[in-house]
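Computed from the coordinates by the stated procedures, all read-outs in this text should not be read as laboratory data. None of the values given here were measured: they were computed from a predicted structure. Here the Cβ positions follow ideal geometry from the backbone for every residue, glycine too, while neighbour counts run over all protein chains shown.
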């Protein structure tokens, strides 16, 4: 297959799926189930006693009705766009919210919690929900679903839906690199192996519970996040190479671990969704994608602020977030998320069975 034909082939798939998702009366899959961290948390942390929240302005200022929901963004997350591309007209509700009841559960549910990860202790530090607990919530969800639609229909929804997992970033940035109890005990490779063992156990547990189509995101270029550059960049405005190298090493192992899982469970469709390269491309060549600022985030000084440090009184917050790659010190803007979602759609085409 030539390069030009390869491009045309996958572009045609992308256009077809986007068109189907936008025009069909029913979504392309029964439901969506989302697990992970702040990249995909849509409000579960609102209901926790934690400092890691985003349910106040200026978060959500460009979202529907300009309302903060708990998303760590000015607007939509990449998975919000992905849900729309798959034909959903509303998003899976955060499981801890009042919206997660009755027929709303037929859309699926979002179990993600900012500052959680594969390593349970990461979530415990911030009093958020580790992946192990997110699975427990999913088990409770399944019982509710059976009560709504019965065993047979529930099994059909569970087996036919798409499961997204985004984790690992907080384990490194909010735990390993700042925690001497970890970085003095484990090398970066050893810690990565611990996370990947947790990843394998988590995916196997989802499969045991009926998941068949699972998409797992790689780590992003962690060394290019504004907050990471500020903390670890030694007064440089450039990406922190050693942290990006650690992310790339983890991603390579994630691919290998996932391939082994795929071979072990023939009924499992496990797809690794690369967000490292797309975001790295945007950061290194922002003007090619319509952005003018990739080092500083929109909120406040743009160097570090996130969660409560990014608030309605943060001085200097930009007027037009669409010109920025990052909304706060660690999370992309809606404009960047839209680009990332397009990549996710193409990479995850095989999840639509």
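In table form, for the structure just shown:
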| item | result |
| --- | --- |
| Computed label-point distance, nm, for sites residue 312 and residue 65 using a 7 Å Cα→Cβ extension | 1.6 |
| Share of pairwise Cα separations in the stretch 91-173, more than 16 Å, in percent | 54 |
| The chain: most fluctuating residue of 61, 212, 71 per GNM, C-alpha cutoff 10 Å | 61 |
| Ordering of 301-310, 283-292 by burial proxy (mean other Cβ atoms within 10 Å per residue, highest first) | 301-310, 283-292 |
| Calculated SAXS-style log₁₀ I(q)/I(0) at q = 0.14, 0.20, 0.23, 0.25 Å⁻¹ - the stretch 41-111, Debye, Cα scatterers | -0.41, -0.84, -1.07, -1.20 |
| Sequence-separation-based contact order of the stretch 3-351, relative, with Cα cut under 8 Å and 6+ spacing, percent | 18 |
| In degrees, nearest ten, helix 241-264 long axis to first principal axis of the chain (Cα) | 10 |
| Rounded D (µm²/s) - the stretch 3-351, Kirkwood Rh over Cα pairs, Stokes-Einstein at 20 °C, 1.002 mPa s | 105 |
| Degrees separating the helix 188-208 axis from the principal Cα axis of the chain, which is the longest one | 20 |
| Degrees, to the nearest 10: 334-347 long Cα axis against longest axis of the chain | 50 |
| Alpha carbon centroid spacing (whole Å) that separates the stretch 128-172 from the stretch 301-315 | 33 |
| Compactness relative to 2.2 N^0.38 Å, alpha carbon Rg of the stretch 226-353 | 1.23 |
| Neighbour-count ranking [beta-carbon atoms within 10 angstrom, fewest first] of 37, 62 | 62, 37 |
| Ratio Rg/Rh, restricted to the stretch 147-214 and using Cα atoms, in which Rh is the Kirkwood radius | 1.20 |
| Helix-only mean residue ellipticity at 222 nm for the chain, each DSSP H run of n ≥ 4 adding -39500 (n - 2.57), per residue, nearest 500 | -13500 deg cm²/dmol |
